[in-house]
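*Asks:* Just dropping this structure here.
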Amino acid sequence: QQPVQSPQAVILREGEDAVINCSSSKALYSVHWYRQKHGEAPVFLMILLKGGEQKGHEKISASFNEKKQQSSLYLTASQLSYSGTYFCGTSGSGNTGKLIFGQGTTLQVKP
Amino acid sequence: EAGVTQFPSHSVIEKGQTVTLRCDPISGHDNLYWYRRVMGKEIKFLLHFVKESKQDESGMPNNRFLAERTGGTYSTLKVQPAELEDSGVYFCASSQFGAEAFFGQGTRLTVV
């Protein structure tokens, strides 16, 4: 079952904050966040494992609520380089590494 | 260290022709995955190799698609014969067990 991301698209000014949500109807083992710029490879941002942990990477952080089967990606003080499409990928209990991706959230940061 | 390499970067073929995509994973990565993104939609799983064995091929659309990973190194994905709906960007990713997957830049396939 494909996770659902919201919003589908976001337009920000530099320095503004954004939250991207990823929800699944199935129990999750892990959530993986990627960012893809047009014509480039999806770039790994972070993995969150079950246990409700929160992780940070510079001004990008994420949380994972196992009970609610959802994850959120937080982008603070956005920079132009944050523009791209963000995907969450989820894996179930088998943890084979196979990911089921959401439909993506397009983020555009303007000067 | 080299990343995941895919070849070719673009391919335009006519309906009914055959195309073979190649992926060179990061050295030492036993896990290799193929994904496809069609028309700006989600990235969809195609199949998963562990070394040379197919672990999961549940995402392969039909028997026109054949993936191989001889010797557990590089992998090929052949589409024969290609149909219009096969157009899209084919991504390969590799990982060590339990770790994050690294993606290649993809092969943009256009079937006309």
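The values are calculated or read from the model by the stated rules, or taken from the named source; none is laboratory data. Given the structure is predicted, the values throughout are model-derived calculations rather than measurements. Ideal geometry is used to build each Cβ from the backbone, glycine not excepted, and the neighbour counts take in all protein chains shown.
*Asks:* Filter region B:33-44 down to residues that are surrounded by 21 or more Cβ atoms within 10 Å (Cβ to Cβ) and at the interface with chain A (Cβ under 10 Å from one of its Cβ atoms) and give me whichever is nearest to A:G104 (Cα to Cα).
*Replies:* Our first condition is that a residue be surrounded by 21 or more Cβ atoms within 10 Å (Cβ to Cβ); within region B:33-44, this holds for B:33-37, B:43.
Still in the running and at the interface with chain A (Cβ under 10 Å from one of its Cβ atoms): B:33, B:35, B:37, B:43.
On the way: B:Y33: 19, B:Y35: 15, B:R37: 11, B:I43: 9 Å.
Only one residue tops the list, namely B:I43.
*Asks:* So, in region A:73-111, of the ones that are closer than 12 Å to A:N21 by Cβ and either in contact with a Cys (Cβ under 7 Å, 6 or more places away or on another chain) or assigned to a loop (DSSP other than H, G, I, E, B) (or both), which residue ends up nearest to the other protein chains (Cβ to nearest Cβ)?
*Replies:* Within region A:73-111, the match that is nearest to the other protein chains (Cβ to nearest Cβ) is A:G102.
*Asks:* Would it be correct to say that B:R69 is at pLDDT 95 or above and touching a Phe, Trp or Tyr at 6+ places or on another chain (Cβ under 9 Å)? Don't jump to the end; show me each part of the working.
*Replies:* Values: at pLDDT 95 or above: yes; touching a Phe, Trp or Tyr at 6+ places or on another chain (Cβ under 9 Å): yes.
The answer is yes for B:R69.
*Asks:* Any residue at all in region B:8-15 that is at pLDDT 95 or above and within 13 Å of chain A (Cβ to nearest Cβ)? Walk me through how you get there before you give the answer.
*Replies:* Residues of region B:8-15 that are at pLDDT 95 or above, as a first pass: B:8-15.
In the following step, the residues that additionally are within 13 Å of chain A (Cβ to nearest Cβ) were identified as B:9-10.
Taking every residue of region B:8-15 in turn, at least one turns out to be at pLDDT 95 or above and within 13 Å of chain A (Cβ to nearest Cβ).
*Asks:* B:R36: farther than 19 Å from A:G39 by Cα and at pLDDT 95 or above, yes or no?
*Replies:* Values: farther than 19 Å from A:G39 by Cα: no; at pLDDT 95 or above: yes.
Judged against the criteria, B:R36 is not a match.
*Asks:* Every residue in region A:1-38 that is farther than 17 Å from A:L80 by Cβ and either assigned to a loop (DSSP other than H, G, I, E, B) or touching an Asp or Glu at 6+ places or on another chain (Cβ under 7 Å) (or both), please.
*Replies:* Matches in region A:1-38: A:Q1, A:Q2, A:P3, A:P7, A:Q8, A:S24, A:S25, A:K26, A:A27, A:L28, A:Y29, A:H32.
*Asks:* A follow-up question, please. Check B:M60 against each of (1) over 28 Å from A:I47 (Cα atoms); (2) surrounded by 13 or more Cβ atoms within 10 Å (Cβ to Cβ); (3) out of contact with any helix residue (DSSP H, G or I) (no Cβ under 7 Å at 6 or more places or on another chain) and name the one condition it does not meet.
*Replies:* So B:M60 meets the others, but not (1).
*Asks:* Is it true that B:V79 is of a type outside the set (S, T, Y), under 19 Å from B:F7 (Cβ atoms), crowded, with 21+ Cβ neighbours inside 10 Å and in contact with a helix residue (DSSP H, G or I) (Cβ under 6 Å, 6 or more places away or on another chain)? Steps first, answer last, please.
*Replies:* On the way: of a type outside the set (S, T, Y): yes; under 19 Å from B:F7 (Cβ atoms): yes; crowded, with 21+ Cβ neighbours inside 10 Å: yes; in contact with a helix residue (DSSP H, G or I) (Cβ under 6 Å, 6 or more places away or on another chain): yes.
Considered against the rule, which asks whether it is of a type outside the set (S, T, Y), under 19 Å from B:F7 (Cβ atoms), crowded, with 21+ Cβ neighbours inside 10 Å and in contact with a helix residue (DSSP H, G or I) (Cβ under 6 Å, 6 or more places away or on another chain), B:V79 comes out as yes.
*Asks:* Where in region B:50-100 are there strands (runs of 3 or more DSSP E), lying wholly inside it, with at least 3 residues that are more than 14 Å from every other protein chain (Cβ to nearest Cβ)?
*Replies:* Numbers: elements: B:53-56, B:65-68, B:75-79, B:88-95.
Qualifying strands (runs of 3 or more DSSP E): B:65-68, B:75-79.
*Asks:* List pairs: first residue in region B:40-51 and closer than 9 Å to A:Q103 by Cα and at pLDDT below 95, second residue crowded, with 21+ Cβ neighbours inside 10 Å and of a type in the set (A, V, I, L, M, F, W, C) anywhere in the structure, Cβ distance under 7 angstrom, at least six positions apart or on different chains.
*Replies:* B:E42/A:F101; B:I43/A:F87; B:I43/A:F101; B:I43/B:F91
*Asks:* Another question, then. For the structure I just gave you, tell me whether A:P111 is exposed (fewer than 13 other Cβ atoms within 10 Å of the Cβ) and farther than 30 Å from B:G59 by Cα.
*Replies:* Working: exposed (fewer than 13 other Cβ atoms within 10 Å of the Cβ): yes; farther than 30 Å from B:G59 by Cα: yes.
Answer is yes for this residue.
*Asks:* Could you list, in sequence order, all residues of region A:24-41 that are at pLDDT 90 or above and either within 12 Å of the chain's Cα centre (by Cα) or on the phi > 0 side of the Ramachandran plot (or both)?
*Replies:* Residues satisfying the conditions are A:V31, A:H32, A:W33, A:Y34, A:R35, A:Q36.
*Asks:* Looking at A:K98, A:K59, which one is charged (D, E, K, R) and out of contact with any Phe, Trp or Tyr (no Cβ under 6 Å at 6 or more places or on another chain)? Explain how you work it out, then say what you get.
*Replies:* Details: A:K98 fails: out of contact with any Phe, Trp or Tyr (no Cβ under 6 Å at 6 or more places or on another chain).
Unique residue meeting the criteria: A:K59.
*Asks:* Does A:S72 meet the test of being touching a Ser or Thr at 6+ places or on another chain (Cβ under 7 Å), closer than 29 Å to B:S58 by Cβ and at pLDDT 90 or above? Full working, then the answer.
*Replies:* Values: touching a Ser or Thr at 6+ places or on another chain (Cβ under 7 Å): yes; closer than 29 Å to B:S58 by Cβ: yes; at pLDDT 90 or above: yes.
Judged against the criteria, A:S72 is a match.
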